[in-house]
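S.K.: This is the structure I want to talk about, given as structure tokens.
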Amino acid sequence: MAVTDGKVSLKHLVTMETLSNEEVLGLIKRGSDFKRNQADFRLDRQYFASNLFFESSTRTHKSFEVAEKKLGLDVIEFDAKSSSVNKGETLYDTILTMSALGVDICVVRHSDEDYYQELVDSRSIQTSIINGGDGSGQHPSQCLLDLMTIYEEFGQFENLKIAIAGDITHSRVAKSNMQILKRLGADLYFAGPREWYSEEFDVYGNHVALDDIIEDLDVLMLLRVQHERHDGSTSFSKEGYNKTYGLTEERYQKLKDSAIVMHPAPVNRDVEIDDDLVEAPKSRIVAQMQNGVYVRMAIIEAILNGKA
């Protein structure tokens, strides 16, 4: 991995931990170039990409597909339900096959944490891996689009007061964001149910009651309650969660005029956030989805730079 003449070069992108601050900022700024139509980009040959999603996805899956097509890549369709996975084929052998067929980039989402390790360590697999989410592990492209959205608003990260609120333990978005935001100089806070928080996150910020800090925040980053990752042992009600931990109209009014509200989506309306606030003036949820295309274009370009 490297940055040369402002261009980021990557072999894979599987976790934010492997990116330097310079690479992170380079990808954000390149995403902004694509958004403003100011990126001079040309393919030097035919490239193939495939999106292998073994968990459900709308935003990540389709924004990668749009990004690939905007850049002129040939997208090879993959449907896990009709693939040889149903015959018992392992993820490794699926990616080995894609590599042998000449697919240059595989975007993979899988329920197993760190699924990518044996893929990037393999001498036989030549395709580049972009992690579209691994279990409750990492989600680097979501993290980068979040960073791009914050940077668009404030032009920096240093000393910004950012709260990550909700289902933190199960959120790959939270884990990716807390690591890099802390490194970039933001002041982090965590809010939400105590049982959905781990003391391992104390190195990044403090767990607080949202009502105690909401007036001071620059960014409120809400997280989806991930019902599919819970074992059902915790009692839960939409109304109770919204009242105690969610962004209600009353809390929204306490935010500074310059503050922004974010959410990786899909949104559980009237749970993490009141329905009427999803598209409110301080909300950047739609902007995040738009930025997802452009930052993923920057990621793909960086991978192609690495191949060149």
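S.K.: Given a Förster distance of 41 Å, report the FRET efficiency between Asp211 and Asp114 from their Cβ-Cβ distance, rounded to the nearest 0.05.
M.R.: Numbers: r = 36 Å, r/R0 = 0.89.
Result of the calculation: an efficiency of 0.65.
S.K.: What translational diffusion coefficient, in µm²/s and rounded to a whole number, does the Stokes-Einstein relation yield for region 77-153 at 37 °C and a viscosity of 0.692 mPa s, taking the hydrodynamic radius as the Kirkwood radius over Cα pairs? Working shown, then result.
M.R.: Values: Rh = 13.7 Å.
For the chosen part, D equals 240 µm²/s.
S.K.: Further question: Which is the longest part of the chain that has none of the chymotrypsin sites (Phe, Trp or Tyr not before Pro) sitting in a DSSP loop with at most 15 other Cβ atoms within 10 Å? Show your work: numbers first, answer last.
M.R.: On the way: sites that count: Phe41, Phe236.
After excluding every exposed loop site, the longest remaining stretch is 42-235.
S.K.: Next question, about the same structure. 7 Å from Cα along Cα→Cβ at both Lys69 and Ser124: what's the point-to-point distance in nm?
M.R.: So the label points at Lys69 and Ser124 sit 3.4 nm apart.
S.K.: Okay, next question. If each residue of separation counts as 0.36 nm, what is the full-extension length gain between Glu17 and Gln38 once their alpha-carbon separation is subtracted? Provide the component values of the computation, followed by the final result.
M.R.: Values: separation 21, 0.36 × 21 = 7.56 nm, distance 2.86 nm.
Full extension of this stretch gives 4.7 nm more.
S.K.: Enter the angle in degrees (range 0 to 90, nearest 10) between the Cα long axis of helix 91-100 and the first principal axis of the Cα atoms of the chain, meaning the one along which they spread out most.
M.R.: 40 degrees
S.K.: How big is the shadow of the Cα convex hull of the chain, averaged over all directions, in nm²? Intermediate results must be reported in sequence, preceding the final value.
M.R.: Numbers: hull surface 63.7 nm².
Averaging across all directions leaves 15.9 nm² for the Cα convex hull.
S.K.: Taking a spot 7 Å from the Cα of Ala287 along the direction of its beta carbon, which residues of region 159-177 have an amide N less than 16 Å from it?
M.R.: Hits in region 159-177 for Ala287 at 16 Å: 160-163.
S.K.: Lys182 to Asp5: extension gain in nm, 0.36 nm per residue of separation minus the Cα-Cα distance?
M.R.: Taking Lys182 through Asp5 to full extension adds about 61.1 nm, to one decimal.
S.K.: Let me ask you something else. Per-residue accessible area for Thr60 at 1.4 Å probe radius, Å² rounded to 10?
M.R.: 10 Å²
S.K.: How high is the FRET efficiency between Gln253 and Lys307 when r is their beta carbon distance and R₀ equals 51 Å, given to the nearest 0.05? Working shown, then result.
M.R.: Values: r = 50 Å, r/R0 = 0.98.
With R0 = 51 Å, the Cβ-Cβ based efficiency is 0.55.
S.K.: Right, next: Measure off 7 Å from each Cα along the Cα-to-Cβ vector at Glu158 and Asn86, then give the distance between these two points in nanometres to one decimal.
M.R.: 5.6 nm
S.K.: Please compute the modelled spin-label separation between Ser237 and Thr97, points set 7 Å along Cα→Cβ, answer in nm with one decimal.
M.R.: 4.9 nm
S.K.: Another question, then. Using Cα pairs closer than 8 Å and at least 6 residues apart in sequence, work out the relative contact order for region 11-115, in percent.
M.R.: 33 percent
S.K.: Kirkwood hydrodynamic radius (Cα pairs, Å) of region 236-308?
M.R.: Kirkwood hydrodynamic radius for region 236-308: 14.1 Å.
S.K.: To continue, here is another question. Pop out the carbon and sulfur fraction of the accessible area of region 176-293 as a percent, whole number, probe 1.4 Å. Each step should come with its number before you reach the end.
M.R.: On the way: 2390 of 5590 Å².
Its accessible area is 43 percent carbon and sulfur atoms.
S.K.: Something else: What FRET efficiency comes out for Ala280 versus Ser56 if R0 is 25 angstrom and r is the Cβ-Cβ distance? Round to the nearest 0.05. All intermediate terms of the calculation are to be shown ahead of the outcome.
M.R.: Working: r = 27 Å, r/R0 = 1.08.
Here the calculated transfer efficiency is 0.40.
The values are calculated or read from the model by the stated rules, or taken from the named source; none is laboratory data. Keep in mind the model is a prediction, meaning the values are calculated, not measured. No Cβ is skipped: glycine too gets one built from the backbone with ideal geometry, and neighbour counts run over all protein chains shown. In case anyone asks, the SASA skips ligands and DNA or RNA and just uses the protein heavy atoms, side chains included. Shrake-Rupley method; radii C 1.70, N 1.55, O 1.52, S 1.80 Å.
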